[in-house]
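Where a number appears in this text, it was derived from the coordinates with a stated rule and is not lab data. What you see is a predicted model, and the numbers here were worked out from it, not measured in a lab. Backbone-built Cβ (ideal geometry, glycine too); neighbour counts: all protein chains shown.
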Amino acid sequence: MVNSVRNLVSSYTEALYPIIYINHFDFRVIDELIKGIVEHRKVVEYNNGLGFVDFKTKAPMQVCDLYNFLNIVKDDGYDNETFILLKDVHDQLNKPEIVSLLKYIAERNLYNEDYSATVFIASSKLRIPAELEELITVIDMPLPSVSEIKNIMTNFIEDLKIEVPDDVVNEIALSLKGLNEFQVEQILNLAYQDGGSLDSDDKSLIFTQKEQLIKKAGLLEMIPVKEQIDDIGGMENLKEWLYRKEKIFNNLDKAMKFGVDVPKGIMIVGMPGCGKSLAAKATAKLFDIPLIRLDVGRLLGKYVGESEENMRKALKLSEAISPCVLWIDEIEKAFAGVGNSGGGSDVTTRLFGQFLTWMQEKENTVFIVATANDISRIPAEFLRKGRFDELFFVDFPNPEERRKIMEIHLKKRHKWNKDLNIISLVKLTEGYNGADLEAIVKDAIESCFIEGKEQLETKDLELAQQNIKSISSTLKGRVEEIREAAKNVDLKPASR
Ligand code: ATP
């Protein structure tokens with residue numbers, strides 16, 4: 001049970017708050033909460049399906065509707081200090097007779113010294129009738145903290161008499177953050193049934209649950225990731241940096257206890273089709289945490305303040321399900337115009353400010369990966385020291401990187417063989433980006449198949465190369481602009 005809520009609710013009842021609306025779906029948790037503060041009081045419970053039920057045993061006592069129930073119990077507060085617990089009655093709160101009876105009880109509680117009854121409305125849906133607005137206090141059940149999750153895990157482990165090393169408990173507890181007690185227990189049960197114990201591999205179950213949360217909220221997108229860090233050809237500096245941080249993210253609990261600062265995030269700027277998105281995906285895979293995409297366009301709402309509220313919710317959600325990678329693709333478009341003479345729209349400027357403040361103050365395990373092409377269109381505040389841990393620039397791949405990229409894509413398609421003269425291809429592909437090189441490999445393999453050949457030959461690749469123009473030739477002006485803009489900012493080359 002979440003202690004802070006118990007104390008809060010207890011102090012509300014002492015202070016005669018007449019109606020407490022607990023916005024939560026898990027009635028077992030609510031029963032625990034009430035039991036924790038009931039002391040000498042009498043509890044009467046109404047269940048939408050069963051009518052009047054015994055709070056302790058949950059046995060039905062009298063079949064009745066809510067109106068009759070409230071009539072039966074409305075004067076109990078004169079004889080005993082009473083808690084009136086109403087479960088799932090949200091759909092009935094628009095009925096005038098129900099509102100009147102609730103108001104009758106609430107006013108007696110407030111103004112009659114010889115009467116004491118607190119009404120608890122427990123429901124996952126929040127419906128507050130205007131007439132009761134002043135009398136209702138809403139409580140959101142917070143999600144369990146990491147140490148509360150550890151307690152749930154310890155009880156689970158003791159009940160089943162299984163052995164789980166402390167390290168594993170700590171790591172899994174951290175991944176379970178953001179889920180409620182019910183979901184935590186559900187995952188522990190699933191994980192146990194799956195392998196007869198709990199281990200680090202159970203993280204995939206946790207990812208699935210988190211994906212559900214994200215889908216329901218509709219503000220963020222969880223991206224399935226297959227890409228590994230070894231799927232990136234080149235970018236050795238960036239990869240080395242990520243490998244170092246992997247040691248932290250894969251031992252987050254230990255690292256934080258040791259006093260290591262949790263990495264905040266990186267910005268990857270540079271040429272199109274050179275693997276920036278690929279790097280964002282591979283980062284999540286390397287750190288073994290979910291990849292969540294923040295699309296600022298998706299947050300824009302029709303009503304005043306709606307976009308800001310969506311941004312607040314999206315950032316809160318990312319924190320709740322952290323550790324995770326929060327990926328903002330094409331960040332220059334997301335916050336287009338902010339800080340430039342042209343100016344962004346008011347809403348975009350406010351969203352940018354909100355995001356920046358969150359980034360500045362954030363002390364959580366959300367690792368931001370922002371990707372962009374053109375640094376001149378990124379608001380300058382973003383690039384100041386301390387916002388990101390590092391800013392990387394990705395240029396077109398050098399010869400060694402081009403060789404590596406082709407090798408990766410050939411191997412992926414099982415067409416790598418020793419007889420291929422990749423060096424000749426490397427010479428022909430100056431100015432090609434990773435996506436172009438992948439296209440050459442794909443085209444060559446397709447032709448090889450269509451011609452009915454068993455083995456891919458160098459000339460297939462050379463022929464494909466002739467048909468594919470490099471991006472640096474087709475977008476010459478744009479490429480120069482990107483390169484010029486990058487010179488004005490202190491960026492670390494992603495490649496060695
Ligand atoms: P944009 O700026 O246009 O969004 P990007 O830099 O994000 O481009 P990606 O989407 O990551 O580029 O690259 C497109 C595809 O090209 C990748 O999915 C991958 O298959 C291939 N690719 C690009 N760069 C590399 C690389 N360095 N190593 C291996 N494959 C690469």
Problem set entry | the stretch 204-325 - Rg (one decimal) and Dmax (whole number), Cα, Å | 15.8, 46
For this session: For the chain, give the share of DSSP beta bridges that are antiparallel, in percent and rounded to the nearest 5; count only bridges with both residues there.
Result: 15 percent
For this session: For every helix of n ≥ 4 consecutive DSSP H residues, a contribution of -39,500 (n - 2.57) applies; sum these over the chain, divide by its total residues, and give [θ] at 222 nm rounded to the nearest 500 deg cm²/dmol.
Result: -15000 deg cm²/dmol
Exercise. If you take the Cα Rg of the stretch 307-410 and divide it by 2.2 N^0.38 Å, with N the number of residues, what do you get?
Worked result: 1.28
Seminar exercise, completed: Note: the chain, point scatterers on Cα, Debye, no solvent; log10 I/I(0) at q = 0.08, 0.09, 0.12 Å⁻¹ equals -0.67, -0.79, -1.12
Problem set entry | Relative contact order (percent, whole number), the chain, Cα cutoff 8 Å, 6+ residue spacing | 13 percent
Problem set entry | Directionally averaged shadow of the stretch 2-140, computed from the convex hull of its alpha-carbon atoms, nm² | 7.5 nm²
Exercise. Just from the alpha-carbon atoms, what are the Rg and Dmax of the stretch 146-217 in angstroms?
Worked result: 11.4, 37
Seminar exercise, completed: Over all pairs of different Cα atoms in the stretch 339-496, the reciprocal of the mean inverse distance gives a Kirkwood radius in Å of 18.6 Å
Seminar exercise, completed: Nearest-0.05 FRET efficiency for residue 216 and residue 300 at R0 = 25 Å, using Cβ-Cβ distance, is 0.80
Exercise. Any idea what the relative contact order of the stretch 399-474 is, in percent, if you count C-alpha pairs under 8 Å spaced at least 6 apart?
Worked result: 37 percent
Exercise. Which trypsin sites (Lys or Arg not before Pro) in the stretch 282-337 pass both tests, a DSSP loop state and at most 15 other beta-carbon atoms within 10 Å?
Worked result: 302
